[in-house]
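The structure appears below as structure tokens.
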Number of protein chains: 2
Amino acid sequence: MSTPKAVRADTRFRRLREKGSKDFDLACAIIDAAFVCHVGFVADGLPYVIPMALARDGKSLLLHGSVASRLMKNLASGLPSCVTVTHLDGLVLARSAFNSSMNYRSVMVFGNASPVTDPDEKRRGLELLTDHLLPGRRSDIRESTRKELNATTLLALPIERFSAKVSDGPPEDPAKDRNTPVWAGVVPLTLERGKPESAPDMPDGIPLPDYL
Amino acid sequence: MSTPKAVRADTRFRRLREKGSKDFDLACAIIDAAFVCHVGFVADGLPYVIPMALARDGKSLLLHGSVASRLMKNLASGLPSCVTVTHLDGLVLARSAFNSSMNYRSVMVFGNASPVTDPDEKRRGLELLTDHLLPGRRSDIRESTRKELNATTLLALPIERFSAKVSDGPPEDPAKDRNTPVWAGVVPLTLERGKPESAPDMPDGIPLPDYL
């Protein structure tokens, strides 16, 4: 890899400055509300963007994957990464295509992830990933075995260099468009849970857990 | 930029081969069902991942943005990009954390985007972006002005080098875990539209359009 690791990502806002924020709590709230992030890294000079599960441990974003995966090996080697989390909150329908947009919450975290190798810390981090996916679930399932822990790479990325953006509210049309007899507004979008589908190989008589 | 543009992205599947697909129709279906993609590129050797709206024009993925944005300038210059589209379809709850996962549909498109400069093609491409967001909407709103078109960069990325992955179905636990008295299955997740919220500056008496 010829990537210069010392260069700092440029997190200044150039466009839509008013939507930008350096607020750590905001960044954490966006991360905590997400099931997936998009992890970007550079290999042989080319960009790759891969969806992954995530969780947060205080001031670190956690990622995990198979020790056998190229992605995890690349990231664990300390490559610069950009982890982006996006929630799409709505379609913003203005009176023109030009002013139509989307409402969203997004955060980009820049930095070099490092593997969590201490066995206790690693177990705790992986538990946070399970808790993040579904609070309460962990009390129902068995503990991970040593073999499973060894087969998993856990990475921590400091939430230090980041950029959060939030776009919300109604469309903003120029005055000349505002009296057009066209409906304008926001169509909210939310990720909703559907009815749980039991695994076909489950023994009879097992009830749906309370956390579902 | 020292990025070697001639290097081809490596789209071979290494992990989870059975989930991978080179199927063009599948890639298109994943793209067509999405409101946002995550666009990755390299600047000064560092990765950036940015959420953007998207649409498809036949064998090209379309992106757009302000001519003033650094992102659009970077991409329009022919930088290698990786555009990833992900739909999260469900939480897959196995009898162990290790075998728990997510169901998803995802496609990564690799390549160099190029600006669409022909005025008619550009207008048509931007119309596709509006149609993609909300079919039917365009018949209600005014045409874009020449000034608006000039303020917008439209980029086309060929859907040629891509990699689609789909993970679906129930959890797959090893035999020894299957008789555990623990609920296992899938919690489906879908992006749902909420009740439209009218813009506060809308004249009275404008009904909600049929397409909403």
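Looking at chain B as a GNM with Cα springs under 10 Å, which of B:N112, B:N103, B:N179 has the largest mean-square fluctuation? Greatest mean-square fluctuation among the candidates belongs to B:N179. Scanning chain A for trypsin sites (Lys or Arg not before Pro) that sit in a DSSP loop and have at most 15 other Cβ atoms within 10 Å, the longest stretch containing none of them is A:60-141.
Residue exposure proxy: B:V36, B:V109, A:V116, ordered by other Cβ atoms within 10 angstrom of their Cβ from fewest to most, comes out as B:V36, A:V116, B:V109.
The phi torsions of segment B:178-190, fed into the Karplus equation with coefficients 6.51, -1.76 and 1.60 and a -60° offset, translate into couplings of 5, 8, 4, x, 10, 4, 9, x, 10, 9, x, 10, 9 Hz, rounded to whole numbers, with Gly and Pro shown as x.
Diffusion coefficient of the protein assembly as shown by Stokes-Einstein, Kirkwood radius over Cα pairs, 37 °C, 0.692 mPa s: 145 µm²/s. Applied to segment B:76-82, the Karplus parametrisation 6.51 cos²θ - 1.76 cosθ + 1.60 on θ = phi - 60° returns per-residue 3J(HN,Hα) values of 5, 6, x, 4, x, 10, 10 Hz, with x for Gly and Pro.
For a quick check, take a GNM of chain A with Cα springs below 10 Å and name the residue from A:L126, A:L46, A:L91 with the largest mean-square fluctuation. Among A:L126, A:L46, A:L91, the largest mean-square fluctuation in the Gaussian network model of chain A belongs to A:L46. Exposed loop sites were defined as GluC sites (Glu not before Pro) in DSSP loop states (anything but H, G, I, E or B) carrying at most 14 other C-beta atoms within 10 Å; in chain B the longest segment without such a site runs B:1-142. Taking amide H positions as modeled 1.01 Å from N, with prolines and chain starts lacking one, the residues under 5 Å from A:L154 and 5 or more places away or on another chain are A:V116. Taking A:L154, A:L62, A:L88 in turn, the Gaussian network model of chain A (Cα-Cα springs below 10 Å) assigns the largest fluctuation to A:L88.
Strictly over 23 Å apart at the Cα level, which of A:K59/B:K73; A:K195/B:K195; B:K59/B:K122; B:K122/B:K147; B:K59/B:K165; B:K73/B:K122 would you flag in this model?
Working: A:K59/B:K73 33 Å; A:K195/B:K195 21 Å; B:K59/B:K122 16 Å; B:K122/B:K147 13 Å; B:K59/B:K165 18 Å; B:K73/B:K122 16 Å.
Distance filter (> 23 Å) returns A:K59/B:K73.
On the beta carbon distance between B:R161 and B:R123, with R0 = 22 Å, the FRET formula returns roughly 0.20. Each stretch of four or more DSSP H residues adds -39500 (n - 2.57); spread over every residue of chain A, this sum gives -5000 deg cm²/dmol at 222 nm.
Values quoted throughout were computed directly from the atomic coordinates according to the rules given, and no laboratory measurement underlies them. Everything numeric here is computed off the predicted structure, so don't read it as measured data. Counting neighbours? That spans all protein chains shown, and the Cβs are built from the backbone with ideal geometry, glycine included.
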